[in-house]
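Only one structure is covered here, and it is reproduced in the block below.
The values are calculated or read from the model by the stated rules, or taken from the named source; none is laboratory data. What you see is a predicted model; the values in this text were computed from it and never measured. Glycine also receives a Cβ, built like all others from the backbone with ideal geometry; neighbour counts cover every protein chain displayed. For the accessible areas, the whole protein counts, side chains as well, though only heavy atoms, and no ligand, DNA or RNA atoms are used. Shrake-Rupley method; radii C 1.70, N 1.55, O 1.52, S 1.80 Å.
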Amino acid sequence: SEVVDMEQRGESMRKRDVVDRISELPEPLILKILSLLPTKLVIATSVLSKRWRCVWKMVPILKFESKGNVQKFAENVTKSLLSHNSLEALHLKVNDRCEDVYIGIWAGIAVTRHVREIELDLHFLCGDPIRFPSSLFSLDTLETLKLKHYVLLDISSPVSLKSLRTLHLHSVVFKDGESIRNLFSSCPNLEHLVVHRGFHYKDGVKFVIDSPSLKTLSIFGGESYGKHNGGFVINVPSLQYLNVQMLKGYEYCLIENAPELVEANIICVSNTTNEIIMGSLKSAKRLSLDLSPLEIAYPTGMIFYQLVHLDMYTHKKAWWDLLTLILDSSPKLQVLKLIDHSSQKSKLVDDKKNMDPGEWNQPKCVPECLLSHLETFVWTRPDWIREEEREVARYILSNSQQLKKATFIIDPIEPKRLFRLARRREMLNELPGVVMASSSCNLVFESE
């Protein structure tokens, strides 16, 4: 018994020593550390000593997530916010439906505290969506706003969000197209926008993004639930980075103005939007494309005059034909990276194996980029199931006159797919024997 008491006292003393050491740190550093912890733990520090009784009230970031009794959660959040002194960022995730009035109370407190960042995630799927509090639309200090799930945005007229720089809209619900237009017209200094359309998004709404200050834009269409009657109209003259993914089933994605675009990532968009999107990427310096040539209408005569870096995914059917078009259209291309996912997904392997026999439509003339600019060629997880793919590898090596390094990064073959081992060995033995156009090219084989 005495031994146990001594161990407990020793443990208690060690804990006090740890607290005392932390207490000696500069206050800004203590607040920084506490900002990284869940708010429930931050508030619990108030019982450590008199010195810590009010420290949590100065932590600039509070994060709450409901677990269990949502009514008790709502009351505790309200009490904590009313006791706090210097709130800068508020993150709320509500997993069960609470009374709408609490959302309004929390918004009112956030306004009086002049917060700079708000994240509201109403992660429940019951009843009607909760209207976003109108009081927050007059919060001039707000710099970052992230809304998720069952939030309803009803904006009948322009509001005041002049300090807003970052906006995330994840599966939120808009009353109508006018609410969308009023939202963006109210953010004259918006720089970063993420839009994720959810399954409960209202069909037929034209999503107009008209923002002269926007620099980065990410659009996620999500999984398609049939055909959507709406689409996107984008006017972003200052845009530098564009990320568009999973626009299946939408009628259009019209990018009207993006002359400053530097980098774009385009993944899985339908044939109704491909041509328009591709035509808007002419000023890009870096492109990452995961598209099917069988679903794309490539704009005739389009030239990527600024493109120096291209990442292309090679698991879609007939991807090599899209590569031909890009090489012919990119006179200054310096880095070409091909990335194959089929080696990790049996269905993709079957898709390519079961394609009708064909012939790669290689460029009629050697592209200018291969003659004068291409210096780096990387193929990650090459599959080489099709003869066309083997031809691509040989063609790049034998025609790239300025090539300095060609790297093939190979993943291990699973035991159940040993039938592919002989084909890989054949190709690996063949490549070093290819007569390369560049005498200074370093041929490298790596394993993931």
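Given the criterion modelled with pLDDT under 70 and of a type in the set (Lys, Arg), identify the matching residue among Lys215, Lys227.
Of Lys215, Lys227, the one residue that is modelled with pLDDT under 70 and of a type in the set (Lys, Arg) is Lys227.
Which of the residues belonging to the range 101-139 are modelled with pLDDT of 90 or more and among the acidic types (Asp, Glu)?
Glu117, Glu119, Asp121
Does the range 147-179 hold any residues that are in a strand (DSSP E or B) and under 11 Å from Leu122 (Cα atoms), and which are they?
Result: Leu147, Lys148, His149, Val151, Leu152, His170.
Of the residues that make up the range 109-118, is at least one in contact with a strand residue (DSSP E or B) (Cβ under 7 Å, 6 or more places away or on another chain), over 26 Å from Arg197 (Cα atoms) and among the small types (Gly, Ala, Ser)?
Within the range 109-118 (the criterion being in contact with a strand residue (DSSP E or B) (Cβ under 7 Å, 6 or more places away or on another chain), over 26 Å from Arg197 (Cα atoms) and among the small types (Gly, Ala, Ser)), the answer is yes, since at least one residue qualifies.
Limited to the range 326-345, what total is found for residues that are open to solvent by 70 Å² or more (accessible area, probe 1.4 Å), modelled with pLDDT of 60 or more and not in a loop (DSSP other than H, G, I, E, B)?
2
What's the number of the condition Leu254 fails, among (1) touching a helix residue (DSSP H, G or I) at 6+ places or on another chain (Cβ under 7 Å); (2) at pLDDT 90 or above; (3) among the aliphatic types (A, V, I, L, M)?
Tallying (1) touching a helix residue (DSSP H, G or I) at 6+ places or on another chain (Cβ under 7 Å); (2) at pLDDT 90 or above; (3) among the aliphatic types (A, V, I, L, M), Leu254 fails exactly one: (2).
Could you name every one of the helices (runs of 4 or more DSSP H) located completely within the range 346-439 that has at least 1 residues being more than 28 Å from Ser330 (Cβ to Cβ) and at pLDDT below 80?
Passing ranges, in order: 346-353, 421-430.
So which residues in the range 110-141 are β-branched (Val, Ile, Thr) and crowded, with 19+ Cβ neighbours inside 10 Å?
Val115, Ile118, Ile130
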